[in-house]
Structure formats: C-alpha cells, structure tokens
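Note sheet for the following structure.
A short reminder: the numbers here are calculations on the coordinates, not readings from a lab. What you see is a predicted model, and the numbers here were worked out from it, not measured in a lab. Note that we place each Cβ from the backbone using ideal geometry, even for glycine, and neighbour counts take in every protein chain shown.
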Amino acid sequence: MKDGPVRILLKRFALACFLVDLHGTRLLRRMAGRRPYRLGGQCRLCAQCCESPMIQTGPFIANGRLLRRLFLAWHRRVNGFELLEHDRLRRTFVFRCTHFDPATRRCDSYAHRPGMCRDYPRLLLWEPTPPFLPGCGYRAISPNARRVAELLDAEDLPPETREELKRRLHAKDD
C-alpha cells in the first residue's frame, strides 16, 4: 500500500511531533544523569522489526477505551498498521505493517516511514536491558563497557566465562 499526498503530509507532521518529543525526552533524561547504552553492530536486513512492529504505551492509551480507539485508528489509517495483538499487562500493541512486503522484505513507503521505524533500535537503548529481536545485528553497549571489561579481565576467570559475562553485561565494545 503506497502513501498518497494527504497521508504523506500527515506522516510528516506526525514525524515532526515525534522528533520534538523524542529529543526533548532524551534531553531531560540526560539532564537527570541517565545515560543510554550505545548502539553497536549493524543492520543485517532481516526485517524482523518491520514484520511485526510493537508499540508500548502508557496506561491511559492501553486501558482507556476512547484513547485506545483513537491510537489504533491513527496507526491503521496513517501508518498502515493493523492490530494483531494487545497485551494489557505489558501495555503493548503488536501490528502487521501493510507497507512491508514479505516477498522482498522491504518497505514500500520507506521515505515516509513513521518515527518509531526511523529510530529503531535507538529507542531501546534507554531500557534497563534492551530487548533486541533474535538475529538482529545490533547490540547494546554499556556506557561503562571499557571499565567493566577491564575489571573482568583482571579477574581469574576461564576465558569462556569472561566472554559470557562481558556479553551479558553489555561490555563487549568491539
């Protein structure tokens, strides 16, 4: 499903709002002393993130009937997301993107994709344990990865254990 001119304008407006909110939120988090993980690796073009986009919402959207309907209508009409699953406990919505072509594994509206698609996986880097999709080429690197790696290297550990700890503690900086 390709985008028409009205949908493109709506998406541009939504993207501008998304970016203002995103950068403002990140600025406030940094001012509060929070540091995100750094992004390592690269995209392997597996397209798992495009197949079933997931959005986690606040309690008002997840539990409020009117707001949830508006939220779902927006994503259906503007972004082409069709609801597959709603987990009330985790406040997540899983969609099927109508712009994703499973045969080519590509987006037919890549230039006009939503902000969440543009910013993936950087959105995950503020999570306590970033939940990357299996097989994704990206990985999180702890802001203090070098120091953690140095401390682990100083310990008398078997090499396999040391490497596993570095992986689990997101201390692999290579």
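Tabulated values for the structure
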quantity: Two-decimal Rg to Rh for the stretch 1-92 - Kirkwood Rh, Cα set; calculated: 1.00
quantity: Hydrodynamic radius by Kirkwood, which averages 1/r over all alpha carbon pairs of the stretch 66-127, in angstrom; calculated: 13.0 Å
quantity: Per-residue Cβ neighbour rank within 10 angstrom, fewest leading, C46, C97; calculated: C46, C97
quantity: Likely footprinting exposure, M54, M31, fewest C-beta neighbours within 10 Å first; calculated: M31, M54
quantity: Residue exposure sequence - D3, D21, D108 - by fewest surrounding Cβ within 10 Å; calculated: D21, D108, D3
quantity: Dipole-positive endmost among L10, F132, L157 within the chain (Cβ charges, Cα centre); calculated: L10
quantity: Residues A111 and L22, FRET efficiency given R0 of 25 Å [Cβ-Cβ distance, rounded to 0.05]; calculated: 0.85
quantity: Spacing of the two label points (7 Å from each Cα toward its C-beta) at E164 and L67, in nm; calculated: 4.3 nm
quantity: Lysines whose Cα lies under 24 Å from that of K11, excluding same-chain neighbours fewer than 8 positions away; calculated: K2
quantity: Taking the chain and dividing mean pair separation by its residue count, relative contact order in percent (alpha carbons under 8 Å, at least six apart); calculated: 28 percent
quantity: Sorted largest first, extent of the chain alpha carbons per principal axis (Å); calculated: 61, 40, 29
quantity: Using alpha-carbon coordinates, inclination of helix 5-31 to the longest axis of the chain, degrees; calculated: 30 degrees
